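Note sheet for the following structure.
What follows is calculated from the coordinates using simple rules that are stated; it is not laboratory data. Given the structure is predicted, the values throughout are model-derived calculations rather than measurements. Neighbour counts run over all protein chains shown; Cβ positions are idealised from the backbone, glycine included.
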Amino acid sequence: MSQVDPETARRRALLLALFCGAAASPAPALAVRAVVVKTKGVAAYDLALRGFQRAFDGEVTVREIGKKEGVSTALADEIRRLEPDVVVGVGTRAAVSLKERLPDLPLVFAMVLSPEKRGLGGRKVSGVSLEISPALQLKLFKKILPTMSRIGVIYDPAKSGPLVDVAEKAARVQGVELHTEPVARSAEVGAALERLLPRIDALWLLPDASVVTRETFKQMLIRTHDAKVPLLAFSEPFVKAGALAAVAPDYEAIGAAAARLAERAARQGGSGSPVIEDPPARLVVNRKAAEHLGLEPDTSTVEGVKYIETQTRKRRPEAGKGSP
């Protein structure tokens with residue numbers, strides 16, 4: 001039997017150790033792949049995409065569709081060729097059409113109002129809603145109006161009846177009385193407002209197209225300003241136009257939350273339990289409106305407060321809008 005010199009033996013032992021170590025070590029995880037489809041030309045969607053791209057730990061391919069378009073057959077075929085682990089729809093049209101065109105792929109949506117009503121549910125569907133619960137809105141409004149005990153709402157029962165029911169329950173939890181005035185059309189808002197003003201500490205706007213139009217918003221803004229009644233809204237454009245405050249979605253944070261869900265869905269292959277999360281939100285305050293009301297809001301306990309420094313009266317949010 002031939003003898004092996006010590007140097008050769010040492011090299012063989014080193015190679016054997018390296019081989020055994022490599023065999024015992026787990027293979028590096030492959031990067032997950034996501035295809036994001038979003039409606040182009042919407043600034044809020046661009047912010048959500050930016051948040052997604054910053055947070056997603058993997059490869060991201062972005063495709064855009066027109067404002068009145070869905071995912072076409074050609075685009076669906078292209079997405080299949082890319083072999084993504086998860087598809088992401090930013091905006092209602094993108095999300096709904098992705099589910100219709102590619103039902104077998106895990107789907108995560110973002111920037112969608114009332115996702116369940118849009119059919120965005122099921123075993124392989126998760127996402128981040130755009131709806132901020134009345135409970136969270138009232139909780140944050142109480143941070144800047146701690147003595148508020150009576151809040152008024154004008155609403156169309158046909159459009160916002162269920163939302164007002166939820167709001168009434170949330171108000172009771174916060175120790176606030178909800179005073180409501182039902183209307184059927186915008187022409188009735190003025191009279192409803194006059195009935196409410198003597199009875200309330202603040203007026204709360206809901207996203208109700210029968211109530212919030214360009215003209216009615218102007219009317220409510222002027223009357224609450226004159227009566228020194230805080231006007232509380234549901235999106236930042238209204239605060240820029242003169243309302244005291246709103247609890248508004250944080251679009252970049254929504255994108256980051258969608259990224260975390262997308263990573264989860266990609267690694268589970270859509271086999272995990274579906275998740276629909278509430279949107280990350282922040283309190284937006286108009287400093288001039290607060291000064292007019294003689295308020296010094298204590299926002300020290302509210303994370304992520306955004307102040308609007310100027311009050312603009314020339315431009316108004318579009319009728320019944322404020323969220324994309």
| Using bins 5 angstrom wide from zero, how does P(r) for the stretch 67-225 break down, in % of all Cα pairs? | 2, 8, 15, 15, 14, 11, 9, 9, 8, 5, 3, 1, 0
| request: Rounded to the nearest Å, what's the spacing between the alpha carbon centres of the stretch 108-132 and the stretch 137-169? Just the number, please. | output: 23
| ³J(HN,Hα) across the stretch 115-131 via Karplus (A = 6.51, B = -1.76, C = 1.60, θ = phi - 60°), whole Hz, x for Gly/Pro? | x, 5, 5, 8, x, 8, x, x, 4, 9, 10, 9, x, 10, 5, 9, 8
| query | Tell me which lysines have Cα within less than 20 Å of K306's Cα, excluding those fewer than 8 residues away on the same chain? | reply | K139, K142, K143, K240, K288
| said: Show me, for the stretch 190-196, the HN-Hα J-couplings you get by feeding each phi into the Karplus relation (A = 6.51, B = -1.76, C = 1.60, θ = phi - 60°), rounded to Hz, glycine and proline as x. | reply: x, 5, 4, 5, 5, 6, 7
| request: At most 10 other Cβ atoms within 10 Å and a DSSP loop assignment: could you name the trypsin sites (Lys or Arg not before Pro) in the stretch 43-119 that fit? | output: K67, K68
| If the cut-off is 18 Å between C-alpha atoms, which lysines fall inside it for K117, apart from same-chain ones fewer than 8 positions away? | K99, K159
| request: Quick one: Debye curve from the alpha-carbon atoms of the stretch 145-185 only, equal weights, vacuum; give me log10 I(q)/I(0) at q = 0.23, 0.27, 0.28, 0.30 Å⁻¹ to two decimals. | output: -0.73, -0.90, -0.94, -1.02
